[in-house]
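Any read-out appearing in this document is the output of simple, stated calculations on the displayed coordinates, not a laboratory observation. If you're wondering where the values come from, they're calculated on a predicted model, not measured in any experiment. Quick reminder, even Gly has a Cβ in these numbers, built from the backbone with ideal geometry, and neighbours come from all protein chains shown.
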Amino acid sequence: MKSMEKIVSLCKRRGFLFQSSEIYGGIQGFWDYGPLGVELKRNVKEAWWQDMIAGHNELVAPNDAPGTFEMVGLDCTIIMHPQVWKCSGHFDLFHDHMVDCRESKKRYRFDQIRGRWVEYQDKKIFVATMAEQEQEFDEVRRRGMKYFKLRSKDAEKLSVEDLSITIDKLDDTTQVLAPDAKTLDTLTEPREYNLMFKTTVGALGGEDDYTFLRPETAQGIFVNFKNVLDSSRVSLPFGIGQIGKSFRNEITPRNFTFRSREFEQMEIEFFCPPDQSHAWYGYWRDRRLAWYKSLGLSDESLIMREHHKDELAHYSVGTADIEYAFPFLPEGEYGELEGIAHRGDFDLRSHMEGKLDPKTEPMTVELGENGKPKYRGSGKDLSYRDEATNEKYVPHVIEPSAGADRGVLAFLCEAYTEDEAPDENGNMQTRVVMKLHPRLAPIKAAIFPLVKKDGMPEVAQAIYGTLKKQFNVFYDEKGAVGRRYRRQDEAGTPFCITVDTQTMTDQTVTIRDRDTLEQSRVKIDDLTEVLTRRINV
Ligand code: GAP
């Protein structure tokens, strides 16, 4: 059975992920990638960059695309001019709602406190908890019993509702027993809380010297739009991609790396003529979903959630989230992996004219109390002149915005499998196997001499030396071969290459497939070609 607990424990045990600063007790919302994790994450980012940017052929329209288009990359700084965040809207609008508990002095994100109604002798209270999904029911029952001072023998006198909901769905919080409280009604009204990390630039540190760590990579792309246009001769439609760190001071980071305070994004801002934006939005939405499937996420665990018309800004033709059934969520619930948004011309015009008021139609610059623009734009012309028609306009933008860490987490969750495989004595044993797509697997192949004698280690080491130039491979001669297979299964290594007695006579080795357990014989000289083919399926 797949569970978050098992996945987290394997990640630590095998060096995929560690808590940041663990020896000092850790720091909430920050995670380090270990030797296997760093390879996996690099492979996810590399696959994205190759499939979206570097490998894109601008001469041919891909299947289902409205036409041909160009793709280029960018790598912007994390710290930018503070005006960027004023014009983007993050300074005023980028907040979550949080509540404080007057009794425990703890702070929670309003939409993340979950719980159930419990009833004892006609008194009904809502027991709230921050426990993980697997422990939620038991935790609610335990705290409900404690509140009503019930002993274990009276457990059945307490009824606990089947439905688990978050407290933002309640009419009020007067009957709520907060996650760390002993009495009811201890939560404050929800308050807004800006998620950007403030930082100071330079030694003086006055009010004029502060700015923010970027909460998204997207704005670096918008403020460089003109630089890219002027320097790379791209013409519309085209996309600019960027991978990089983003920072959000999340109120309650949780669910392993899902909601972190430091994370990486893989974002594309795709610029197109306004009248084509509908078609390009549909294209990117479908293409991004197909990308996750091509790397192994199953149909059943992925959904595309189109935002309802009421949720959209009036200038947007659509926003959709690609969501994954993360195991920490209750059955039937999904968590966001990536958002694909139609952003109209909001960002480019805001950086040009001054922050626009998204509620105005057509959008006009938001004014401050003195009647002047609340946040002044750059004044630079960020429009585009179509050379064929000589028409000048501000492009519309489609934004597929993915989280690299959420992607890694989804691939890890999907890959975790328990099945049965024979041990070194031929007895069937439960094995844990990470069925990662070969493109994403941290180690592509492990090379084993069957025994540590008869010239086998020398041949295996020579193969290792050759393959290492092209692939991340691993050499292991320690322990029984069955145990060596098992270790590689847990690491997600798709292929194990074994040098045996036959190798010494005919220069062939066996390749064992991690998922089917099938073994085939391959000539040593063909290994590079065979691995290349089998990795890039
Ligand atoms: N530029 C648009 C933008 O940033 P978003 O929906 O806020 O949109 C995009 O973020 C993606 O970034 C999310 O779908 C998610 O994968 C990732 N992401 C956002 N906040 C995150 C967090 N606190 N921890 C990990 N990943 C996060």
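Using only helices, what value at 222 nm comes out for the chain when you add -39,500 (n - 2.57) per DSSP H run of length 4 or more and divide by the total residues, to the nearest 500 deg cm²/dmol?
About -7500 deg cm²/dmol.
Let me know the shape class of the stretch 97-193, please: from the alpha-carbon gyration tensor, a ≥ b ≥ c as square roots of the eigenvalues, rounded when a/c is under 1.5, otherwise prolate if a/b is greater than b/c, or oblate.
prolate
Assuming a ≥ b ≥ c are the square roots of the Cα gyration tensor eigenvalues, decide whether the stretch 211-339 counts as rounded (a/c under 1.5), prolate (otherwise, with a/b larger than b/c) or oblate.
oblate
Straight-line reach from Lys453: which lysines have a Cα under 18 Å away, not including same-chain ones fewer than 8 places off?
Cα-Cα hits under 18 Å: Lys478.
For the pairs Lys355/Lys392; Lys6/Lys245; Lys6/Lys169; Lys105/Lys153; Lys105/Lys146; Lys86/Lys359, flag any whose C-alpha to C-alpha distance is greater than 25 Å.
Table pairs above 25 Å Cα-Cα are Lys6/Lys245; Lys6/Lys169; Lys105/Lys153.
How would you rank Tyr334, Tyr281, going from fewest to most other Cβ atoms within 10 Å of each one's own Cβ?
By the 10 Å Cβ count, ascending, the order reads Tyr334, Tyr281.
Taking +1 at the Cβ of each Lys and Arg and -1 at the Cβ of each Asp and Glu, which of Thr508, His342, Ser401 sits farthest along the dipole of the chain towards its positive end, judged by Cα position relative to the Cα centre?
Thr508
Would you mind ranking Met1, Met266, Met98 so that the residue whose beta carbon has the fewest other beta carbons within 10 Å leads the list?
Fewest to most other Cβ atoms nearby, the residues stand as Met1, Met98, Met266.
With point charges of +1 on the Cβ of Lys and Arg and -1 on the Cβ of Asp and Glu, referenced to the Cα centre of the chain, which listed residue (Leu467, Ser231, Met363) lies farthest in the positive direction of the dipole?
Leu467
Go through Pro253, Tyr283, Phe263 and say which Cα lies farthest out towards the positive end of the charge dipole of the stretch 240-288; charges sit on Cβ, +1 for Lys and Arg, -1 for Asp and Glu.
Farthest along the dipole direction, towards plus: Pro253.
Would you please classify the overall shape of the chain from the alpha carbon gyration tensor, given that a ≥ b ≥ c denote the square roots of the eigenvalues, rounded means a/c under 1.5, and beyond that prolate means a/b larger than b/c while oblate covers the rest?
oblate
Within a 10 angstrom radius of the beta carbon, how do Cys101, Cys87, Cys11 rank from fewest other beta carbons to most?
Cys101, Cys11, Cys87
Would you please give the FRET efficiency between Lys157 and Lys182, computed as 1/(1 + (r/R0)^6) with r the Cβ-Cβ distance and R0 = 25 Å, to the nearest 0.05?
FRET efficiency, Lys157 to Lys182: 0.80.
In whole Å, what three semi-axes, largest first, describe the equivalent ellipsoid of the stretch 424-536 built from its Cα gyration tensor (square root of 5 times each eigenvalue)?
In descending order the semi-axes read 20, 18, 12 Å.
Report the trypsin sites (Lys or Arg not before Pro) located in the stretch 205-312 that are in a DSSP loop and have at most 13 other Cβ atoms inside 10 Å of their Cβ, or state none.
Of the trypsin sites (Lys or Arg not before Pro), the ones in loops of the stretch 205-312 whose Cβ has at most 13 other Cβ atoms within 10 Å are Arg233.
Separation between the Ser21 and Asp419 pseudo-spin-labels, each 7 Å from Cα along Cα→Cβ, expressed in nm?
Going by the 7 Å Cα→Cβ label model, 4.3 nm.
Over the stretch 4-46, what per residue volume does the convex hull of the Cα atoms give, in whole Å³?
Convex hull of Cα atoms, per residue: 82 Å³.
If each of Asp172 and Gln519 carries a label point 7 Å out from its Cα toward its Cβ, how far apart are those two points in nm?
Placing both labels 7 Å beyond Cα along the Cβ direction yields 7.2 nm.
What is the distance, in nm, between label points placed 7 Å from the Cα along the Cα-to-Cβ direction at Gln135 and at Lys309?
In this crude label model, Gln135 to Lys309 measures out at 4.5 nm.
The stretch 452-532: which trypsin sites (Lys or Arg not before Pro) are DSSP loop and have at most 15 other beta-carbon atoms within 10 angstrom?
Lys452, Lys453, Lys469, Lys478
With only Lys, Arg, Asp and Glu charged, each at its Cβ (+1 for the first two, -1 for the last two), find how big the charge dipole of the stretch 344-467 is about the Cα centre; round to the nearest 20 debye.
Computed about the Cα centre, the dipole is about 400 debye.
Explain nothing, just the number: dipole magnitude of the stretch 97-193 about its Cα centre with +1 on each Lys and Arg Cβ and -1 on each Asp and Glu Cβ, in debye rounded to the nearest 20.
Dipole size: approximately 520 debye.
Just how large is the dipole of the stretch 37-162 about the Cα centre, in debye to the nearest 20, putting +1 at every Lys and Arg Cβ and -1 at every Asp and Glu Cβ?
1240 debye
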